[in-house]
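The values are calculated or read from the model by the stated rules, or taken from the named source; none is laboratory data. Please read all numbers here as calculations on a predicted model, not as lab measurements. Cβ placement follows ideal geometry from the backbone for every residue including glycine, while neighbour counts extend to all protein chains displayed. Ligands, DNA and RNA are excluded from the accessible area calculation, which covers all protein heavy atoms including side chains. Shrake-Rupley method; radii C 1.70, N 1.55, O 1.52, S 1.80 Å.
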Amino acid sequence: MFATPACVIPYADAGKVCSDRSDCTGLCKTDQDITVGQPATGTCQRKIHDNFGCYNEVKGGVVLAGMCVD
């Protein structure tokens, strides 16, 4: 972003199944096709800059409200 050089560092637990952010180095994410408030599992964020786009976060095994980040 802004043509600023940055390191893209993958997380060691990238893609691991999770039910809460505490299970991951980064976020516990799932796709937006799952209804907010429903029980679900997600996958751990793949890399530091993998927080752009639209996704839902999973916390305590439940889908939180969706988020879109530009």
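Numbers at a glance
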quantity	calculated
Subset of segment 13-29 that is open to solvent by 50 Å² or more (accessible area, probe 1.4 Å) and of a type in the set (Lys, Arg) - its residue that is modelled with the highest pLDDT	16
Hits in segment 54-68 - residues which are part of a strand (DSSP E or B) and at positive phi	none
Residue 10 vs. criteria modelled with pLDDT of 90 or more and open to solvent by 60 Å² or more (accessible area, probe 1.4 Å)	yes
Members of segment 38-53 found to be assigned to a loop (DSSP other than H, G, I, E, B) and at pLDDT below 90, listed by number	48, 49, 50, 51, 52
Members of segment 7-22 found to be under 14 Å from residue 50 (Cα atoms) and of a type outside the set (Phe, Trp, Tyr), listed by number	7, 8, 9, 10, 12, 13, 14, 15
Flag if residue 32 is surrounded by 11 or more Cβ atoms within 10 Å (Cβ to Cβ), modelled with pLDDT under 90, touching a Cys at 6+ places or on another chain (Cβ under 7 Å) and closer than 16 Å to residue 69 by Cβ	yes
Residue within segment 13-32 that is part of a strand (DSSP E or B) and without any contact (Cβ under 8 Å) to a residue 24 or more places away in the chain present	no
Restricting segment 35-70 to residues that are out of contact with any Leu (no Cβ under 8 Å at 6 or more places or on another chain), touching a residue at least 40 places away in the same chain (Cβ under 8 Å) and under 12 Å from residue 23 (Cα atoms), the residue that is surrounded by the most Cβ atoms within 10 Å (Cβ to Cβ)	61
